Amino acid sequence: MSSPGINGDPKPPCLPRNGLVKLPGQPNGLGAASITKGTPAAKNRPCQPPPLPPPSLAAPLPRAALAGGPCPPAGGPASALVPGPPAERPPLATDEKILSGLFWYFSACEKCVLAQVCKAWRRVLYQPKFWAGLTPVLHAKELYNVLPGGEKEFVNLQGFAARGFEGFCLVGVSDLDICEFIDNYALSKKGVKAMSLKRSTITDAGLEVMLEQMQGVVRLELSGCNDFTEAGLWSSLSARITSLSVSDCINVADDAIAAISQLLPNLAELSLQAYHVTDTALAYFTARQGHSTHTLRLLSCWEITNHGVVNVVHSLPNLTALSLSGCSKVTDDGVELVAENLRKLRSLDLSWCPRITDMALEYVACDLHRLEELVLDRCVRITDTGLSYLSTMSSLRSLYLRWCCQVPAPHTSGKWGIGEGGGGVGKLQELEELELTNCPGATPELFKYFSQHLPRCLVIE
């Protein structure tokens, strides 16, 4: 029984002395609940009004209650608690504005899973802005569905079109697979700007059809494709291509470089891994490419010597990024040519060049004042003396010394880069990343030294 309150309204029940109050049974069948003595809800409150209904996404609490102001009367109409009909404010779980901000915090793999939760989430996630810069990788077996009768049907690619992917990587495909892809993907003719074919059996005819049909492609990568020949490059390459990468394709030699130099006047980036390319091929580049090409990567081109480097520096004087990784015949003289003639370089990769010595680093430090990245992995003749030359390179941001077996020298005792005085790399105050993976002299004392002298640098063990 509750005593009457003011104006005849029933007075809220008082708490017993033991601090327990019986709550009415819940309609969900869970029975009665209680608030124990000592909880914030029961302490120092002799009387307590009936509890408000729990807030929900459809019926939020009024702003006055959220701000600490007076609440509407307990017996008032339900409309006093709800400023408007529930339909005016969608639940948070389907609010597109909130979801658009939330989904930025997830990785690409997580977004693929979240898109399967419901249609509302998929509608938000399938906006192109969430997938910019990503490239789907499709294997040949993933391009077809097997029907009950054993026949194959090409998969539906509408989901990829909705997300607006500008590039695709196809693995293990044939000429027929590429034709099916062009016919079934709505954006293949104009919307695809980058194509990568890896470990595929594409022939000269297939390459020609692909580049003829897909008029939007400006970036092309061919890796592990051993069925096309240099004749296929002559018949298929288009002047619109600005970036080309060819690696581990056994039929690529000097004539392929001739086709590239003659047919791609607007080439900006060229990455080439070819075991049979010689110094002569590097003289084929035209004056037009001398102005347009800013990145050249020669990876494991074993036949390239210092004479090939001469051709490069004279044909492509505006390079800003050069890689001679794995060009094992290049020596210090070749690096000197690079340093004297390519003053605009910002990135230089000399990894896996076993003939490079400390003298090459002196040339680099003297002439390449804009260099920001230097890769010296597996340069086994580099020592602390060579690294001491780099102390004057204030522009250097990244230095990689993986598997350099002579640096740092064990006797330097943490004072690394100059045998005496502890200068060298420790003076590169603008350095942001330094990698010493598998360097035998990289001791805990050395890393402590770098943490003190290069506080802004990420040192990778």
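Applying the criterion of being in a helix (DSSP H, G or I) and closer than 23 Å to C112 by Cβ to the residues of the range 181-203, the residue that is most open to solvent (accessible area, probe 1.4 Å) is N184. Determine the pairs where a residue that is more than 13 Å from A162 (Cα to Cα) and without any contact (Cβ under 8 Å) to a residue 60 or more places away in the chain, located within the range 109-127, has a partner that is in a helix (DSSP H, G or I) and not hydrophobic (A, V, I, L, M, F, W, C) with Cβ atoms under 7 Å apart, the partner being 6 or more residues away or on another chain. Between residues of the range 109-127 that are more than 13 Å from A162 (Cα to Cα) and without any contact (Cβ under 8 Å) to a residue 60 or more places away in the chain and residues that are in a helix (DSSP H, G or I) and not hydrophobic (A, V, I, L, M, F, W, C), the close pairs are A120/T94.
If you go through the range 272-293 one residue at a time, do you hit one that is part of a loop (DSSP other than H, G, I, E, B), in contact with a strand residue (DSSP E or B) (Cβ under 7 Å, 6 or more places away or on another chain) and open to solvent by 50 Å² or more (accessible area, probe 1.4 Å)? Checked the range 272-293: no residue is part of a loop (DSSP other than H, G, I, E, B), in contact with a strand residue (DSSP E or B) (Cβ under 7 Å, 6 or more places away or on another chain) and open to solvent by 50 Å² or more (accessible area, probe 1.4 Å). Taking the criterion of being small (G, A, S), touching a helix residue (DSSP H, G or I) at 6+ places or on another chain (Cβ under 9 Å) and at pLDDT 90 or above, would at least one residue in the range 102-111 satisfy it? For the range 102-111, residues small (G, A, S), touching a helix residue (DSSP H, G or I) at 6+ places or on another chain (Cβ under 9 Å) and at pLDDT 90 or above: absent. Scan the range 296-314 for residues that are open to solvent by 10 Å² or more (accessible area, probe 1.4 Å) and either over 32 Å from the mean Cα position of the chain (by Cα) or among the polar types (S, T, N, Q) (or both) and the total you get is 8.
Residues that are within 22 Å of E142 (Cα to Cα), modelled with pLDDT of 95 or more and of a type in the set (D, E, K, R): does the range 217-226 have at least one? Checking the range 217-226: at least one residue is within 22 Å of E142 (Cα to Cα), modelled with pLDDT of 95 or more and of a type in the set (D, E, K, R).
Scanning the range 404-419 for residues that are out of contact with any strand residue (DSSP E or B) (no Cβ under 6 Å at 6 or more places or on another chain), at pLDDT 85 or above and open to solvent by 80 Å² or more (accessible area, probe 1.4 Å) turns up at least one hit. Among the residues of the range 129-139, which ones are surrounded by fewer than 17 Cβ atoms within 10 Å (Cβ to Cβ) and out of contact with any Cys (no Cβ under 9 Å at 6 or more places or on another chain)? Answer for the range 129-139, where residues must be surrounded by fewer than 17 Cβ atoms within 10 Å (Cβ to Cβ) and out of contact with any Cys (no Cβ under 9 Å at 6 or more places or on another chain): K129, A132, G133, L134, H139.
Restricting the first member to the range 183-205 and to residues that are under 18 Å from V137 (Cβ atoms), and the second to residues that are among the basic types (K, R) and open to solvent by 10 Å² or more (accessible area, probe 1.4 Å), the beta-carbon pairs closer than 6 Å and six or more apart or on different chains are A194/R219. Within the range 140-177, the set of residues being touching a Leu at 6+ places or on another chain (Cβ under 9 Å), closer than 19 Å to M210 by Cα and open to solvent by 70 Å² or more (accessible area, probe 1.4 Å) comprises E166 only.
The values are calculated or read from the model by the stated rules, or taken from the named source; none is laboratory data. All values reported here derive from a predicted model rather than from experimental measurement. Heads up, the Cβs are rebuilt from the backbone with ideal geometry, glycines too, and the neighbour counts pull from every protein chain shown. Side chains included, ligands, DNA and RNA excluded: accessible areas come from the protein's heavy atoms. Shrake-Rupley method; radii C 1.70, N 1.55, O 1.52, S 1.80 Å.
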